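Written out below as structure tokens is the structure these notes cover.
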Amino acid sequence: MAKKLLPLLAMGTIAAATTASPCAIINDLYTESGETSVAGSVAYACLMSMPFESNAAVTWITEYSKYLQFQSDLEMLAKPPSSYLSNKVDLLGGLESIQSRASRGGYTSQYQFDADVSDLISSANDGHLYFDELCSLSAFSFYSSLSLSAISSNGIAMPEIYVTADAGMPSQGYNTNVSPVHSINGVGVVSAIEAQSNYQNFQDPDARFNNMVLNLLVDGQGNDLYGLFSRDTVWRGIESYNVTFVNGSSISYPVMAELMASLDSVSFGDANDLYNGHSPTLYPTPVIRESHNIIAGYYPDIPGLEDVAILTVPTFETDGYDNSAEEFVAIAEYFVQNASQIDGKKKIVIDLQNNGGGVVLSGYGLYSIFFPNETLFSSTRFRSHEAIDFMGTIFNSGNSTVQEIGYNSGLSGLVDAVKPDQSSFEDWQNVFGPYNIGGIPSSALFAEFDFATTDLSDDPVNTDGRGGVLNATTSPFAPEDIVILLDGRCSSTCTIFADHMVSKGVKTVAVGGRPISGPMQALGGIKGSEVQLLSTIDNAAQEAMYLLNSSISGNPILSSDNISRFYGQPHPAN
């Protein structure tokens, strides 16, 4: 395992040799006027002028592939079941193809290489799998002012696609007949949206579709959620979106590029201001909300809903502020208990639209408010491969001090894993396996948390009488009086919370999606329970190497052959 991924070429390499180059044109425009937006084709030409070092790229692929083997579903992505609604992708094979092209001079620009790597990783449609340090893709954001909305005439009829600015005209008092969109660049509008959505980080096509059109919501920080149809960090060869309407009229929206890198130490914002002309009011004043808007409670002022409470949970990201995890569950419990016991609310809607997940314990904490003081079931697996076997063998080879080093490395399951029923494993090999699960070499099921030993003071969970600030003993609402509202984009911790609620008989409602008949997935995002940073894997590998090196002079933990395999090269122990 290499000590770190090799850095890609610095942004400074885009400097142009002559003032006539595309990069020089952009630089001169900014210097003279402060303008940060240029024609998309000019930005693309600038990116294509970046040099490319094939040897560095080939080595980078070799190193990144070592990290990618920790991705838990590599085999299933390459050979998915027939029920899988997204495209199959062989990530390791794809990297080999990119590496082969790089080695034989198939790239002329760093941007070409970065774009291929980005598209390959993004094609897994996995919100936990991403690489955001590809330097050339952080230079520009491609966009147009085209914003699309999917609107049903009565909430039941199949929605049609409208240009958002047109869709808002009747509600603003304009006496005009608004026509839906028929096609974009000669392609049917629904097909065009689906094609653009292929690199979105949701596994379900309806969730990806919802991410491409305007959302009448706000995110966890109160910001509007704009559709991503005409936004990308990769140039798709589209200089303009030529929109044809059902009534035969047409309009063209040029594709521009916003400079996202900084010049002269000046940082630039994005192009969201293009969309700020129409912001409908959707939520009433909350009864209570967390100070950073990560959770809020409402009583709808609508006839017929007097006995309904609404809890909006746009995120479970509770680790960004001091005490936010405690405040998150404390506000949730206060609102839910008051709604059911004092304010006469008989039913509750939990709004999880666009919830991308967050801290797993906060998901369990919220669940334990609705179903308190239970023994919680949790389970996960990791992909069993040689490197993680070596690391687990090393961390489980010594005394408690060695095991503590492994535990603190940050990789789940390596040390002190317990079964979902909270009982212990016999040894590391019982954890590692490998067990063939759907064609994937996998570990045994193990609990995400050992709740008997996990400190729940900072992340309260009301389980087995250890709830801390959460101390209810009875459910505030019956399962049949709880509905979860979803739009398919629920991911990660959000799916864990929703799955546990559904297991109790709670119903879900999924809204939006592609304008076709039939059901859609309520949980269309990544369902993995844990995301690992490359730096976490690197740290665990370094700790294992340190312990291994310390053992070599005496009683080596691994055989000479396995030491060489772990290091990826012959080792002096041989």
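The values are calculated or read from the model by the stated rules, or taken from the named source; none is laboratory data. Quick caveat: nothing in here was measured; it's all calculated off a predicted structure. Positions of Cβ are backbone-derived with ideal geometry, glycine not excepted, and every protein chain shown enters the neighbour counts.
If I filter region 94-109 for residues that are aromatic (Phe, Trp, Tyr), closer than 24 Å to Leu259 by Cα and over 25 Å from the mean Cα position of the chain (by Cα), do I get at least one hit? Looking for residues that are aromatic (Phe, Trp, Tyr), closer than 24 Å to Leu259 by Cα and over 25 Å from the mean Cα position of the chain (by Cα), one finds at least one in region 94-109, hence yes. Across region 319-373, the number of residues qualifying as within 20 Å of Leu486 (Cβ to Cβ) and of a type in the set (Ser, Thr, Tyr) comes to 3.
The set of residues in region 113-133 that are surrounded by 19 or more Cβ atoms within 10 Å (Cβ to Cβ) and of a type in the set (S, T, N, Q) comprises Ser118, Ser122, Asn125. Looking only at residues in region 184-195 that are under 30 Å from the mean Cα position of the chain (by Cα) and among the small types (Gly, Ala, Ser), the one that is surrounded by the most Cβ atoms within 10 Å (Cβ to Cβ) is Ala192. Could you list, in sequence order, the residues of region 547-557 that are assigned to a helix (DSSP H, G or I) and either in contact (Cβ under 8 Å) with a residue 60 or more places away in the chain or closer than 19 Å to Leu129 by Cβ (or both)? Residues satisfying the conditions are Leu547, Leu548, Ser551. Scanning region 309-329 for residues that are more than 28 Å from the chain's Cα centre (by Cα) and surrounded by 18 or more Cβ atoms within 10 Å (Cβ to Cβ) turns up at least one hit.
For (1) under 30 Å from Met158 (Cβ atoms); (2) small (Gly, Ala, Ser); (3) in contact with a Leu (Cβ under 6 Å, 6 or more places away or on another chain), each residue gets a yes or a no:
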position: Ala417; (1), (2), (3): no, yes, no
position: Pro441; (1), (2), (3): no, no, no
position: Leu456; (1), (2), (3): no, no, no
position: Asp464; (1), (2), (3): no, no, no
position: Val483; (1), (2), (3): yes, no, no
position: Ala510; (1), (2), (3): yes, yes, yes
position: Arg514; (1), (2), (3): yes, no, no
position: Ser517; (1), (2), (3): yes, yes, no
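Out of Ser564, Ser535, Ser475, one residue alone is farther than 30 Å from Asp204 by Cα and assigned to a helix (DSSP H, G or I). It is Ser564. Scanning region 434-455 for residues that are in contact with a Gly (Cβ under 6 Å, 6 or more places away or on another chain) and not in a loop (DSSP other than H, G, I, E, B) yields a single hit, Phe446. Is it the case that Leu85 is touching a residue at least 40 places away in the same chain (Cβ under 8 Å) and surrounded by fewer than 20 Cβ atoms within 10 Å (Cβ to Cβ)? It is true that Leu85 is touching a residue at least 40 places away in the same chain (Cβ under 8 Å) and surrounded by fewer than 20 Cβ atoms within 10 Å (Cβ to Cβ). Kindly check whether there is at least one residue in region 466-478 that is under 30 Å from Lys347 (Cα atoms), at pLDDT 90 or above and in contact with a Lys or Arg (Cβ under 8 Å, 6 or more places away or on another chain). There is at least one residue in region 466-478 that is under 30 Å from Lys347 (Cα atoms), at pLDDT 90 or above and in contact with a Lys or Arg (Cβ under 8 Å, 6 or more places away or on another chain).
Taken together, the criteria place Ser136 among residues that are surrounded by 16 or more Cβ atoms within 10 Å (Cβ to Cβ) and either outside any loop (DSSP other than H, G, I, E, B) or of a type in the set (A, V, I, L, M) (or both). Pairs linking a residue in region 446-457 that is farther than 19 Å from Ser529 by Cα to a residue that is of a type in the set (S, T, N, Q), with Cβ atoms under 9 Å and 6 or more positions apart or on different chains, are Ala452/Gln422.
Exactly one residue among Val461, Val469, Val415, Val431 is outside the structural domain of Ile369 (by TED's automatic domain parsing) and part of a loop (DSSP other than H, G, I, E, B), and that residue is Val415. None of Ser423, Ser409 is among the hydroxyl-bearing types (Ser, Thr, Tyr) and more than 24 Å from Arg565 (Cβ to Cβ) except Ser423. The test for being over 26 Å from the mean Cα position of the chain (by Cα), at pLDDT 90 or above and not in a loop (DSSP other than H, G, I, E, B) holds for Asp389.
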